[in-house]
Amino acid sequence: MQQLVFLIDVDNTVLDNDGVKSDMERRLLSILGPDMAKRFWDLYEVVREELDVVDFIEALRRLREERPDATAEVDAASDAMISWDFCPRLYPKAIETILHFKKFGMPIIVSDGDPVFQPSKIHQCGVTEAVEGRVLIFVHKEKSLPAVQAYFKAEHYVLIDDKPGILMRSKAALGDRLTTVHVLQGKYALDPKLAVDYKPDIVVPHFSDLTKYEASDFLLARPAAAAAL
């Protein structure tokens, strides 16, 4: 059993997903033109609402069905998405930070997303290798924490995420066995619409700030009696 298992989010925690989306918007505009690009992003939101996850591949599939006259353009857009280079949008020292956690625990990726594009993205930017293949993809990861606990047994868990609501719900589920870390990166981190009445155990401006933390800093959420054992 590990002493510490780190449950690490990806989008806007390890990877600047807001920046990725901006880059993709510009690229798709150049490939599809303004009208089809707008329709793609409309379908992107429809798919997200229906499936509760972002799914670029499904949005492109629906665009292809709607526009059989533009198969070449949609295929070019699909090729661009599938071969996208995410590495330039890794946050500074993201991989080094993950490797830092290995000094005193086991880092794993626990991400929300679709089962095809999301793991491909995580692999392409080198994160899968950094966590030695330990990548879990869920629709709602906080609802899957019991399964994560059963598979990766530990004395204590650390959840690192940019969304305060996920941290709050996860803390409610695991209690003192979980230390919550709020990374203030990306559009969701300080969005007043997503504000919750909850104070995370640790708050840092950047993911890389966690390289300054040691095992004892992450064990702060344990009860005093348990910490003394």
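Compute the Kirkwood hydrodynamic radius of segment 1-61, taking the inverse of the mean of 1/r over all pairs of distinct Cα atoms, and give it in Å to one decimal.
Values: mean 1/r = 0.0743 Å⁻¹.
Computed over Cα pairs of segment 1-61, the Kirkwood hydrodynamic radius comes out at 13.5 Å.
For the chain, what's the relative contact order in percent, using C-alpha pairs closer than 8 Å and at least 6 residues apart?
The value is 26 percent.
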*Show the residues, 5+ positions off or on another chain, whose built amide H is closer than 5 Å to the amide H of residue 179.*
157, 158, 159
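Let me know the Kirkwood hydrodynamic radius for the chain, please, with Cα pairs as the basis and the value in Å to one decimal.
Values: mean 1/r = 0.0535 Å⁻¹.
So the Kirkwood estimate lands at 18.7 Å.
Classify segment 61-152 as rounded, prolate or oblate, taking a ≥ b ≥ c as the square roots of the eigenvalues of its Cα gyration tensor: rounded when a/c is under 1.5, otherwise prolate if a/b is larger than b/c and oblate if not. Numbers along the way, then the final one.
Numbers: a/c = 3.96, a/b = 1.78, b/c = 2.22.
Oblate, since a/c reaches 1.5 and b/c is not below a/b.
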*Tell me the trypsin sites (Lys or Arg not before Pro) within segment 100-150 that lie in a loop according to DSSP and have at most 14 other beta-carbon atoms within 10 Å.*
102, 103
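In debye, nearest 20, what is the charge dipole magnitude of the chain about its Cα centre with +1 on Lys and Arg Cβ and -1 on Asp and Glu Cβ, if you could check? Provide the component values of the computation, followed by the final result.
Values: 28 positive and 37 negative charges, 142 e Å.
Value, rounded to 20: 680 debye.
Hey, if we sort 1, 106 by accessible area with the 1.4 Å probe, largest down, what's the order? Don't jump to the answer; show the numbers that get you there.
On the way: 1 165, 106 40 Å².
Most to least solvent-accessible, the answer reads 1, 106.
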*For the chain, modelled as a Gaussian network with Cα springs under 10 Å, which listed residue fluctuates most, 50, 58, 132?*
50
*Looking at 63, 28, 218, which one has the Cα that reaches farthest to the positive end of the dipole of the chain (charges on Cβ: Lys, Arg +1; Asp, Glu -1)?*
218
*Ignoring ligands and nucleic acids, what accessible area does residue 190 show with a 1.4 Å probe (Å², nearest 10)?*
130 Å²
*Farthest toward the dipole's positive end in segment 69-212, which of 80, 190, 157, given Cβ charges of +1 (Lys, Arg) and -1 (Asp, Glu) about the Cα centre?*
157
*What full-extension length gain, to one decimal in nm, is calculated for residue 208 and residue 83 as 0.36 nm per residue of separation minus the Cα-Cα distance?*
42.3 nm
*May I ask for the net charge around residue 181, where only other residues with Cβ less than 9 Å from the Cβ of residue 181 are counted and Lys, Arg are +1 while Asp, Glu are -1?*
-2
_If you average the alpha carbon positions of segment 128-151 and of segment 22-43, how far apart do those two centres end up, in angstrom?_
32 Å
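Of 38/143; 121/171; 103/187; 141/193; 121/141, which ones are farther than 24 Å apart at the Cα? Could the numbers behind the result be given before it?
Numbers: 38/143 33 Å; 121/171 28 Å; 103/187 31 Å; 141/193 21 Å; 121/141 18 Å.
In this structure, 38/143; 121/171; 103/187 lie more than 24 Å apart at Cα.
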*Helix-derived mean residue ellipticity, 222 nm - over the chain, DSSP H n ≥ 4, -39500 (n - 2.57), to 500*: -13500 deg cm²/dmol
*Rounded to the nearest 10 degrees, what's the angle between the helix 17-51 long axis and the longest principal axis of the chain, both from Cα atoms, 0 to 90?*
60 degrees
*Taking H as built 1.01 Å from N, whose amide H comes closer than 5 Å to the amide H of residue 112, not counting residues under 5 places away?*
10, 138
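The values are calculated or read from the model by the stated rules, or taken from the named source; none is laboratory data. Please read these numbers as outputs of a predicted model, since none were measured by experiment. All Cβ positions, even for glycine, are placed from backbone atoms using ideal geometry, and neighbour counts span all protein chains on display. Surface areas here come from the heavy atoms of the whole protein model, side chains and all, with no ligands, DNA or RNA. Shrake-Rupley method; radii C 1.70, N 1.55, O 1.52, S 1.80 Å.
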